[in-house]
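Comments concern the structure below.
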Amino acid sequence: MEKAESADPQRRNSRQRHAVQQAIEQAGRPLLPPEILALAQIAQPSLGIATVYRNLKILVDAGEAKTVDLPGEATRYESAHHGHHHHFHCSKCQQVFDFHGCPPNLDTLAPRGFSVARHELTLYGVCAGCNDAPS
Ligand SMILES: [Zn+2]
Ligand SMILES: [Zn+2]
């Protein structure tokens, strides 16, 4: 018929999706689509931003990726397989980092008679890299 394997659209699609997924899995922190594009392009240089968005939607729908929506921020994406964790937003470099560990005794913060079932937590400040950088 025609064409080498690299031109097979289905194979190309799955390679592109794999590159997007790998970028998210290996990042270890939530990424903006342009950051995902830059990482995925290392494996798939022909990748474009529209393809990244399309694959992000597929990965979210498939339960492989999650959206991270911080107030006033563009949607970021992270692996759905990193377990319970929280986010730290650096006000200098604008990157969002993961951290693990939960605040203790959250039940005591809730009003009397309330029971806490889950929590989300975002810390804001300056990351180690920016703290170390000469100003
Ligand atoms: Zn920073
Ligand atoms: Zn927690």
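The values are calculated or read from the model by the stated rules, or taken from the named source; none is laboratory data. Since the structure is predicted, the reported quantities are computational estimates derived from the model, not experimental observations. Every residue, glycine as well, gets a Cβ built from its backbone with ideal geometry; the counts of neighbours run over all protein chains shown. These area figures cover heavy atoms from the full protein model, side chains too; ligands, DNA and RNA do not enter into them. Shrake-Rupley method; radii C 1.70, N 1.55, O 1.52, S 1.80 Å.
First select every other residue whose beta carbon is under 12 angstrom from the beta carbon of residue 22; then total the charges, Lys and Arg +1, Asp and Glu -1.
That sum, taken over residues with Cβ under 12 Å, equals 0.
In the range 55-135, what chymotrypsin sites (Phe, Trp or Tyr not before Pro) fall in a loop by DSSP, with at most 15 other Cβ atoms inside 10 Å? Let's see the in-between values first.
On the way: sites: 77, 88, 97, 99, 114, 124; in loops: 114.
The qualifying sites are 114.
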Taking 7 Å along the Cα-to-C-beta vector as the label spot, tell me the residue 80-residue 93 distance in nanometres, rounded to one decimal. 2.9 nm
Scaled radius of gyration (Cα, divided by 2.2 N^0.38 Å) that the chain gives: 1.32
In whole Hz, the Karplus estimates of ³J(HN,Hα) for the range 60-66 (6.51, -1.76, 1.60; θ = phi - 60°; x where Gly or Pro) are 5, 4, 7, x, 8, 10, 10
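Looking at the chain, identify the longest residue range that excludes and avoids all GluC sites (Glu not before Pro) in DSSP loops having at most 12 other Cβ atoms within 10 Å.
On the way: sites that count: 2, 120.
Counting at most 12 other Cβ atoms within 10 Å as exposed, the longest clean stretch of the chain is 3-119.
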In the range 53-76, which residues have a backbone nitrogen under 11 Å from the label point lying 7 Å from residue 124's Cα in the Cα-to-Cβ direction? 71-73
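Hey, got the dipole for the chain? About the Cα centre, +1 on K and R Cβ, -1 on D and E Cβ, debye to the nearest 20?
180 debye
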Using the Karplus curve 6.51 cos²θ - 1.76 cosθ + 1.60 with θ = phi - 60°, work out ³J(HN,Hα) for each residue of the range 106-114 in order, rounded to whole Hz, and write x for Gly and Pro. 5, 4, 6, 7, 6, x, 3, x, 8
Report the residue, chosen from 89, 18, 81, that carries the largest GNM mean-square fluctuation when the chain is represented by alpha-carbon nodes joined by springs under 10 Å. 81
Roughly how many Å² is the accessible area per residue of the chain, as a whole number, for a 1.4 Å probe? 65 Å²
Can you tell me how much longer the chain between residue 41 and residue 58 gets when fully stretched, taken as 0.36 nm per residue apart minus their C-alpha distance, in nm with one decimal? 4.3 nm
If you project the alpha carbons of the range 66-135 onto the principal axes, what extent comes out on each, in Å, largest first? 49, 26, 23
Most fluctuating residue of 39, 109, 56 in a GNM of the chain with Cα springs under 10 Å: which is it? 109
Filter the trypsin sites (Lys or Arg not before Pro) in the range 1-97 to those in DSSP coil with at most 12 other Cβ atoms within 10 Å of their Cβ, and list the result. 3
Give the Rg/Rh ratio for the range 1-80, taking Rg as the radius of gyration of the Cα atoms and Rh as the Kirkwood radius, to two decimals. 1.02
